[in-house]
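For reference, the structure discussed in these notes is given below.
The values are calculated or read from the model by the stated rules, or taken from the named source; none is laboratory data. Values in this document were obtained by computation on a predicted structure and should not be read as measured data. FYI the Cβ positions are ideal-geometry reconstructions off the backbone, even for glycines, and counts take in every protein chain you see.
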Amino acid sequence: MSTVEIYSYEGDERLTKLQIVAKYAKVDVKLPPCDSEKEGQSESFKLNCHPMGKFPVAKTAEGYLFESNAIARYIARLDKGNTLYGASQYDTAQVDQWLDFVSNEVEPAAKVLIGLHSGFLPKNKEQEEAAWNSLLDVLKALDQQLEVRTFLVGERITLADISLASLLEEFLRVCMNPEKLRELVCLLRYVDTIVNQPNFAEIIKQRKPKPSEKPKVEKKEKVVEEKPVESEADAFAKEESQEKSMKKKLDSLPPSPTFIMDEFKRCYSNNDIRTIAAPFFFDKYDPEGYTCMWSKYKYNDELGPMVFMTSNLVGGMFQRMEALHKYVFGAVLIIGEEKVHEIVGFWIVRGRGMPDLMRVVDDIEHHSFTEISNIHDEKAKITDFLACDGDSFADKPVMDCKIFK
């Protein structure tokens, strides 16, 4: 295991970020005793470690490094087996762009507000209002980006996520203002997802309070033995095992005598919907082996003003449903008009009721589902959904249609 010595001071949030990166990269971090106020002013420190006498500084076998993002990149590269710095050259460039974005767009205003709220800066109403206005513009832009992303780059946590989430975790802990932040649903979901990753949570739990922060006095309670924190690799393996188990459950269902999902999908893709594909569905459908459902997005009144943003939201959900292609067909429509619209859908799923493999997809809980008891009673409406057009949408025209198949 590689080792890096980092010189800093208690409560340095940038040190917390570096410890999280090291945890993911399986790098051992040593924290030598450091009198930051004294050492930072020495000529030797400024000459060899940081020109301005600032922290954190990392001591490596080759020499000293300063600036937390440079140190984070160095630590991430020590473990060739991880993708913290991206799985390709393009991914790496994306990680860099988000690290710059956090440093240039998010951090300046966030640090001002943290300083004002924690007492490191003198109270200044005008300065606080200006910082809030600047930061909220950035956070709203981030919220839109995160509508269709779980992570900033790719499908795994990277330096970009650690940098952004560690800063926002500090900001929300010190400056939480529900009234100002309540609309940033995607951003708050993102922060919650990242900070609860096992490696991230373990370092956050160990963090010591800053000198200005009073430690919380905890009531003495019955000691409960803590379970060991699950590593990211173990968590991924567990998730993979559960997915296999859920797929096996669906694969073990008795074969349908009339309706085969793949046949229907081929028919749907290669023929006219109203004259061939829809009649095929109604003729072959097996209510014992499959379930049909209507869906409606629960938060239609919170959708972005532009249809393309809502389309991206649906596209993101489809990406997270990759494991379901063999077992599910869905026609998800965006109906209404540019600034006032809603998401509705028609679904065919394998088995009776919603399968567990679909239920565990994060986005599914944001939709309400109603089982269709008799498809022939709603033949016209189902056909319109399959065709993504028709009299069913006379009052609310179809703005976009996405098919999961």
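Within the stretch 268-301, the set of residues being of a type in the set (D, E) and under 22 Å from G353 (Cα atoms) comprises D283, D286, E288.
All of (1) farther than 18 Å from L84 by Cβ; (2) among the hydrophobic types (A, V, I, L, M, F, W, C); (3) modelled with pLDDT of 95 or more hold for M176 with one exception: (3).
Kindly establish whether V349 is crowded, with 18+ Cβ neighbours inside 10 Å, in contact with a Pro (Cβ under 7 Å, 6 or more places away or on another chain) and in the same structural domain as K298 (by TED's automatic domain parsing). Here the answer is yes, as V349 does meet what is asked.
Quick one: in the stretch 90-145, which of the residues that are under 28 Å from T158 (Cβ atoms) and polar (S, T, N, Q) is farthest from the chain's Cα centre (by Cα)? Among those residues, the one meeting the criterion is S134. When the stretch 362-374 is limited to residues that are β-branched (V, I, T) and surrounded by fewer than 17 Cβ atoms within 10 Å (Cβ to Cβ), the one that is modelled with the lowest pLDDT turns out to be I364. Scanning the stretch 98-131 for residues that are touching a residue at least 24 places away in the same chain (Cβ under 8 Å) and exposed (fewer than 15 other Cβ atoms within 10 Å of the Cβ) gives P108, G119, F120. Test D389 against the criterion of being in a loop (DSSP other than H, G, I, E, B) and farther than 22 Å from R149 by Cα, and give yes or no. For D389, the condition - in a loop (DSSP other than H, G, I, E, B) and farther than 22 Å from R149 by Cα - is met. As a summary of the residue check, K80 satisfies the conditions (1) charged (D, E, K, R); (2) in a loop (DSSP other than H, G, I, E, B); (3) at pLDDT 95 or above except for the one numbered (3). The residues of the stretch 23-47 that are within 18 Å of G63 (Cα to Cα) and touching a helix residue (DSSP H, G or I) at 6+ places or on another chain (Cβ under 7 Å), listed by number, are V27, V29, E39, F45. Select from the stretch 21-36 the residues that are touching a residue at least 24 places away in the same chain (Cβ under 8 Å) and out of contact with any Asp or Glu (no Cβ under 9 Å at 6 or more places or on another chain) and write down the one among them that is surrounded by the most Cβ atoms within 10 Å (Cβ to Cβ). Residue satisfying both the conditions and the ranking: V21. Restricting attention to the stretch 269-316, the residues that are assigned to a loop (DSSP other than H, G, I, E, B), in contact (Cβ under 8 Å) with a residue 40 or more places away in the chain and over 19 Å from F329 (Cβ atoms) total 4.
Of all residues in the stretch 333-373, which are of a type in the set (S, T, N, Q) and assigned to a loop (DSSP other than H, G, I, E, B)? Within the stretch 333-373, S373 is the sole residue that qualifies.
Every test in (1) among the basic types (K, R); (2) surrounded by 15 or more Cβ atoms within 10 Å (Cβ to Cβ); (3) under 25 Å from L164 (Cβ atoms) is passed by K80 save one, and that test is (2).
Scanning the stretch 55-77 for residues that are in a loop (DSSP other than H, G, I, E, B), hydrophobic (A, V, I, L, M, F, W, C) and surrounded by fewer than 20 Cβ atoms within 10 Å (Cβ to Cβ) turns up just one, A61. Of the helices (runs of 4 or more DSSP H) lying entirely inside the stretch 83-148, those carrying at least 2 residues that are among the polar types (S, T, N, Q) and more than 17 Å from C175 (Cα to Cα) are 89-101, 125-145.
A quick yes/no check of all residues on (1) at pLDDT below 90; (2) touching a Leu at 6+ places or on another chain (Cβ under 7 Å); (3) charged (D, E, K, R); (4) under 26 Å from K26 (Cα atoms):
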{"position": "L84", "(1), (2), (3), (4)": "no, yes, no, yes"}
{"position": "S103", "(1), (2), (3), (4)": "no, no, no, yes"}
{"position": "L113", "(1), (2), (3), (4)": "no, yes, no, no"}
{"position": "S118", "(1), (2), (3), (4)": "yes, no, no, no"}
{"position": "K123", "(1), (2), (3), (4)": "yes, yes, yes, no"}
{"position": "E128", "(1), (2), (3), (4)": "no, yes, yes, no"}
